[in-house]
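First comes the structure, then the notes that go with it.
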Amino acid sequence: MANEQYEQSVTKWRQEVDANLRRENGWLALSGLFWLRNGTNIIGSDPSSDIILPKHASTRLGTFEFDGNNVTLKVEDNMPVEVNGTVTKSALLDADRKTCQALSLSMT
């Protein structure tokens with residue numbers, strides 16, 4: 001009986017981990033990971049950008065301003081940028097490690 005309960009608990013844990021990974025803002029949805037340095041971090045397709053986007057994106061989309069605790073997105077281009085499903089030109093992004101912000105760029 002103990003083995004059966006253990007197996008069920010492991011199966012439940014695996015299902016929860018799988019669901020967490022596959023959620024909208026989960027790790028499997030991640031398409032790029034860039035570490036921010038304090039100050040201005042330039043976002044764009046220019047090879048000298050801090051956060052390099054695909055070549056068909058704007059040369060300079062905008063910036064992330066990072067003060068060590070907070071990140072502010074400032075979009076300088078007309079490309080639609082969504083933060084948690086809302087198109088915006090600027091946003092204070094949540095730096096809480098328990099929360100995942102979804103930043104979406106539509107580059108079609």
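The values are calculated or read from the model by the stated rules, or taken from the named source; none is laboratory data. What you see is a predicted model, and the numbers here were worked out from it, not measured in a lab. Ideal geometry is used to build each Cβ from the backbone, glycine not excepted, and the neighbour counts take in all protein chains shown. Surface accessibility is based on the protein's heavy atoms, side chains included, excluding ligands, DNA and RNA. Shrake-Rupley method; radii C 1.70, N 1.55, O 1.52, S 1.80 Å.
So, in region 1-54, how many residues would count as being among the charged types (D, E, K, R) and at pLDDT 90 or above?
Step one: filter region 1-54 for residues among the charged types (D, E, K, R), giving 4, 7, 12, 14, 16, 18, 22-24, 37, 46, 50.
Still in the running and at pLDDT 90 or above: 4, 7, 12, 14, 16, 46, 50.
Result for region 1-54: 7.
In this structure, does F34 turn out to be open to solvent by less than 90 Å² (accessible area, probe 1.4 Å), among the hydrophobic types (A, V, I, L, M, F, W, C) and in contact with a strand residue (DSSP E or B) (Cβ under 7 Å, 6 or more places away or on another chain)?
When the stated conditions are applied, F34 does not pass them.
Which residues, taken from region 68-108, are open to solvent by 90 Å² or more (accessible area, probe 1.4 Å) and either out of contact with any strand residue (DSSP E or B) (no Cβ under 8 Å at 6 or more places or on another chain) or at pLDDT below 85 (or both)?
Answer for region 68-108, where residues must be open to solvent by 90 Å² or more (accessible area, probe 1.4 Å) and either out of contact with any strand residue (DSSP E or B) (no Cβ under 8 Å at 6 or more places or on another chain) or at pLDDT below 85 (or both): N69, N78, R97, K98, T108.
I'm checking my understanding of the structure. Among residues of region 51-67 that are open to solvent by 60 Å² or more (accessible area, probe 1.4 Å) and in contact with a strand residue (DSSP E or B) (Cβ under 9 Å, 6 or more places away or on another chain), which one is nearest to G26 (Cα to Cα)?
Checking each candidate, the answer is I52.
With respect to the numbered conditions (1) of a type in the set (A, V, I, L, M); (2) surrounded by 13 or more Cβ atoms within 10 Å (Cβ to Cβ); (3) more than 18 Å from P80 (Cα to Cα), which one is the sole condition not fulfilled by V17?
With (1) of a type in the set (A, V, I, L, M); (2) surrounded by 13 or more Cβ atoms within 10 Å (Cβ to Cβ); (3) more than 18 Å from P80 (Cα to Cα) applied to V17, the lone miss is (2).
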